[in-house]
Amino acid sequence: MNAAPPVSPRPPAKSGPEADGGLIAIARVQPGEAIALLHSSTAGLSAEEAAARLKEHGPNHVAREGRLSVFAELRRCAWNPLNGLLLTLALASWGLGDARAAIVIAIMVVLSIGLGFIQEHRSNQAAARLYAMVRTMVSVKRPGAAKDGFVDEPMDDLVPGDIVRLAAGDMIPADVRLLTSKDLHVNQSALTGESNPSEKSAEPYVGPTCPPMDLPSLAFMGSNVVSGFAEAVVVRTGGRTDFGKLAQSLVGLAPPTSFDKGIEAFTRMMLGLILVMAPAVFLINGLTKGNWIEALFFAVAVAVGLTPEMLPMIVTVNLAQGAMAMSRKKVIVKRLNAIQNFGAMDIQGTDKTGTLTENHVALKLHLDVDGNESDFVLTYAYLNSRFETGIAGLLDAAILEHAEVEDHIRVADYRKLDEIPFDFQRRRLSVLLADKDDRRILICKGAVEEVFACCARYRLGDNEGPLDADHAAKAKALTDRLNAEGFRVVAVACREFPKDKSVYAVEDEADLTLVGYIGFLDPPKASAASALAALAASGIAVKVLTGDNAAVTGKICGDVGLGEGRIVLGSEIDALDDDALGRLAEEVHVFAKVSPAQKARVIQALQKRDHVVGFMGDGINDGPSLKMADVGVSVEDAVDIAKESADIILLEKSLAVLQEGVIEGRRVFGNITKYIKMGASSNFGNMFSVLGASIFLPFLPMAPIQVLTNNLLYDFSQTAIPTDRVDDEYLAAPRKWRIGNLLRFMVFIGPISSIFDYATFAVMIYVFHAWTNPSLFQTGWFVESLLTQTLIIHIIRTAKIPFIQSRASIALIATSLAICVVGISLPYTWVGRELGFQPLPGLYWPILAGFMLCYATLTHIVKSWFMRRWGY
């Protein structure tokens with residue numbers, strides 16, 4: 001490994017090349033020259049220098065990480081095709097001289113945008129407060145720092161010239177030039193599309209000109225370390241990086257979820273209905289009544305009435321309130337749409353450690369190959385963990401807690417020569433040490449099978465012997481017994497090398513001597529069994545996907561209630577095609593000894609069988625699965641790549657919190673679909689009523705301003721839907737978007753309202769003789785239409801008997817009552833007279849009450865039949 005020579009610091013002005021040409025030039029020079037070109041030094045930048053450069057270059061974050069400004073939030077709430085349609089209609093009304101209609105339409109738009117903005121802004125603020133607790137830290141070199149010269153600092157504060165340390169699981173925090181490296185492999189798929197890791201080296205590039213991504217001495221923001229470790233100097237940060245430029249062009253382009261597609265399909269359906277209805281109403285009224293201007297006003301008003309203008313607000317407010325409810329449980333929602341997927345999720349994949357277990361690993365055993373306690377084994381394990389610089393895992397932390405080892409040896413008597421880092425193919429790690437007598441010792445620890453494969457001998461006390469078939473079988477029996485008792489077993493082996501050997505590689509992990517085993521316990525969580533039971537009761541099957549062996553996994557899973565059925569090993573997965581794997585994954589709950597690629601493949605196979613799959617993980621090996629899953633969940637102390645890949649971050653790693661998120665997702669989905677069902681069925685019914693009335697009446701069935709006022713009041717009554725309760729029965733099962741079911745609901749429920757509209761027409765004409773009194777007719781239909789629409793949400797919102805078995809939220813009841821009072825009293829006020837209304841006869845009210853009772857009863861009967869036939 002080549003260390004960079006010290007270089008005197010230079011002034012910071014304009015440090016850090018911007019163009020690819022400068023980046024390539026830095027890749028071609030020696031590490032020390034690269035540091036000099038960036039006006040830094042081998043000791044790193046001082047805190048004062050770093051602060052000055054931070055002011056010059058700005059924070060090291062890219063566009064997708066930036067928090068939206070208030071104006072951007074407002075623009076996102078306003079930018080919607082439905083709002084665009086309404087504003088177009090408002091301008092048309094204004095241009096045609098109908099200022100009152102334009103004002104009412106504008107009020108609708110302001111109401112929708114305003115409520116959505118307020119809730120989303122509150123949600124973003126709550127999420128930002130929590131997200132500040134989950135900052136990605138980077139190991140940065142600072143002069144005088146006590147810890148090997150490095151300190152942990154937020155990634156956002158990196159500047160050109162900073163020297164950083166990288167290890168497996170780290171995100172590359174900026175565009176960097178490597179100074180030293182050891183077996184460094186980097187995943188650049190987010191930038192290049194190439195799935196295989198790229199090998200990197202600190203050696204200057206001397207080949208022909210090529211794209212910067214292909215230069216082995218450079219690593220780029222947006223990629224992550226798969227294996228090995230390195231030190232590097234920061235060249236470009238934030239928006240100046242290639243990843244930053246790419247991110248700026250992709251802000252807001254997250255792929256749509258199935259729910260997003262469903263909302264778009266519903267919106268297109270309603271717009272299509274408007275495009276058919278508005279011209280039809282215009283032509284019918286123009287031809288039958290001869291007043292084409294009045295017909296145009298009425299057609300515009302009908303178009304507004306058919307527009308589900310509150311849909312963007314309902315969706316936004318529901319998602320925002322869901323995110324805020326989850327934030328109170330210390331759950332950070334990085335992407336609001338993940339809440340929707342939570343509601344639809346029917347399979348939850350998870351790692352074992354920290355989810356089913358306490359995540360507090362303790363080293364309990366250190367045994368020789370015969371199963372007897374051995375301080376020698378503990379000493380070698382301790383030296384391996386003490387000198388390794390790769391992934392700092394729970395096992396190493398548990399080993400290093402045994403500081404009593406240093407009572408028997410002097411760690412200072414050992415010096416590190418090299419390291420062969422851990423990776424998920426070899427599943428082992430080796431350090432090369434020289435002791436006080438200059439003996440060169442390789443100490444290897446790792447998964448039992450993988451270490452066994454490298455061993456040719458065993459050591460017992462001061463004796464050594466060949467690791468023949470009998471000894472191998474005896475060793476396997478011992479480790480199997482420990483695994484069955486719940487111990488996670490790691491093998492320890494060693495090998496001596498001649499003093500003249502200076503270069504070490506993976507090939508040197510051969511002909512090793514097995515010295516023994518260390519055994520760890522990570523007990524099951526007390527809450528795991530109840531959390532799993534709650535998920536099962538919610539219709540979610542839990543799939544355990546772990547790299548641990550089958551025996552330990554089986555013991556832990558058995559303790560928490562997942563012990564029934566077979567355990568599938570990673571080697572079995574490779575032998576199956578996707579279809580067979582999907583069928584197997586539906587039946588089996590536990591997968592052991594699986595690689596990161598195999599975990600992701602299991603998730604993908606389940607998705608192909610129409611499952612919505614979540615995955616919870618926190619390690620470097622969980623990154624592919626988190627990206628593949630419909631809902632990726634990680635935790636605060638996860639490695640960088642896991643947090644980056646996740647949609648949701650838990651500040652507490654718990655399946656119980658996860659289950660609460662699922663319920664919240666279903667509640668959000670349920671309240672959104674209430675509005676959609678109401679809007680679709682109501683508009684479908686109104687279509688028949690408006691068309692029929694337009695054909696046979698000699699006047700408009702309702703004046704344009706009356707249609708708009710009706711729509712405005714009804715919209716106001718719907719603003720409380722996001723606060724509504726959702727029945728426990730609805731929350732008990734996953735909920736997916738089903739456009740076909742919505743269409744059936746619209747067809748069966750919508751025409752019921754037309755029945756009572758036509759009954760009202762008959763009463764107004766034949767009982768109250770409104771054929772010659774258009775104002776009375778319009779008043780009667782206005783009140784009936786408003787009250788029945790306001791009532792029907794209470795019927796549609798539940799599968800149960802409304803008001804008796806299931807009641808709406810206080811807010812929804814209050815807005816419904818308020819609008820009913822306004823609708824009943826409006827004909828008797830000066831506002832009503834301005835709108836063209838007149839007082840209704842006393843007999844109208846009992847007739848209306850009877851209609852409403854019959855309407856509610858018939859709708860409930862049809863709804864109940866529909867639910868039994870097709871479900872929610």
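The values are calculated or read from the model by the stated rules, or taken from the named source; none is laboratory data. Predicted model, so just to flag it, every value in this text is computed and none were measured. Because the Cβ atoms are built from the backbone with ideal geometry, glycine has one as well, and the counts that use them run over all protein chains shown. Calculation scope for accessible area: heavy atoms of the full protein, side chains included, ligands and nucleic acids excluded. Shrake-Rupley method; radii C 1.70, N 1.55, O 1.52, S 1.80 Å.
Looking for whichever is open to solvent by less than 10 Å² (accessible area, probe 1.4 Å), in a helix (DSSP H, G or I) and of a type outside the set (Ser, Thr, Tyr) here; the options are Ile672, Ile695. Which one fits?
Of the residues listed, the single one that is open to solvent by less than 10 Å² (accessible area, probe 1.4 Å), in a helix (DSSP H, G or I) and of a type outside the set (Ser, Thr, Tyr) is Ile672.
Just to be sure, is Thr389 in a helix (DSSP H, G or I), surrounded by fewer than 20 Cβ atoms within 10 Å (Cβ to Cβ) and among the hydroxyl-bearing types (Ser, Thr, Tyr)?
When the stated conditions are applied, Thr389 does not pass them.
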Qualifying position, being open to solvent by 50 Å² or more (accessible area, probe 1.4 Å) and either within 30 Å of Leu742 (Cβ to Cβ) or not basic (Lys, Arg) (or both), among Leu848, Leu853: Leu853
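Are any of the residues in region 434-453 β-branched (Val, Ile, Thr) and not in a helix (DSSP H, G or I)?
Yes, region 434-453 contains at least one residue that is β-branched (Val, Ile, Thr) and not in a helix (DSSP H, G or I).
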When you check Gly850 against the structure, is it over 22 Å from Ile705 (Cβ atoms) and at pLDDT below 90, yes or no? no
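Which of the following residues is surrounded by fewer than 22 Cβ atoms within 10 Å (Cβ to Cβ) and closer than 20 Å to Gly44 by Cα: Thr209, Thr180?
Thr180
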In this structure, does Leu383 turn out to be in contact with a Pro (Cβ under 8 Å, 6 or more places away or on another chain) and touching a residue at least 24 places away in the same chain (Cβ under 8 Å)? no
Mind checking which strands (runs of 3 or more DSSP E) fall wholly inside region 568-643 and carry at least 3 residues that are over 23 Å from the mean Cα position of the chain (by Cα)? 590-592
If you scan region 703-728, which residues turn out to be in contact (Cβ under 8 Å) with a residue 24 or more places away in the chain and either of a type in the set (Asp, Glu) or not in a helix (DSSP H, G or I) (or both)? Ala703, Asp715, Thr719, Ala720, Asp724, Arg725, Val726, Asp727
Please determine whether any residue of region 805-828 is out of contact with any Lys or Arg (no Cβ under 9 Å at 6 or more places or on another chain), in contact (Cβ under 8 Å) with a residue 12 or more places away in the chain and not in a helix (DSSP H, G or I). no
Hey, does region 299-320 have a residue that's crowded, with 20+ Cβ neighbours inside 10 Å, assigned to a loop (DSSP other than H, G, I, E, B) and of a type in the set (S, T, N, Q)? yes
Residue match in region 504-514 (condition: outside any loop (DSSP other than H, G, I, E, B), open to solvent by 40 Å² or more (accessible area, probe 1.4 Å), touching a Lys or Arg at 6+ places or on another chain (Cβ under 9 Å) and touching a residue at least 40 places away in the same chain (Cβ under 8 Å)): yes
In the set Ala529, Ala493, which member is of a type in the set (A, V, I, L, M, F, W, C), under 42 Å from the mean Cα position of the chain (by Cα), farther than 21 Å from Val590 by Cα and open to solvent by less than 60 Å² (accessible area, probe 1.4 Å)? Ala493
Kindly check whether there is at least one residue in region 739-759 that is open to solvent by 40 Å² or more (accessible area, probe 1.4 Å), under 30 Å from Leu115 (Cα atoms) and either touching a residue at least 24 places away in the same chain (Cβ under 8 Å) or part of a helix (DSSP H, G or I) (or both). yes
Tell me whether region 363-379 contains one or more residues that are open to solvent by less than 30 Å² (accessible area, probe 1.4 Å) and under 24 Å from Lys599 (Cβ atoms). no
The lone exception for Phe259 - which of (1) at pLDDT 80 or above; (2) of a type in the set (A, V, I, L, M, F, W, C); (3) open to solvent by less than 10 Å² (accessible area, probe 1.4 Å) it fails: (1)
Which residues, taken from region 222-246, are closer than 18 Å to Thr180 by Cβ and open to solvent by 10 Å² or more (accessible area, probe 1.4 Å)? Val226, Ser227, Phe229, Glu231
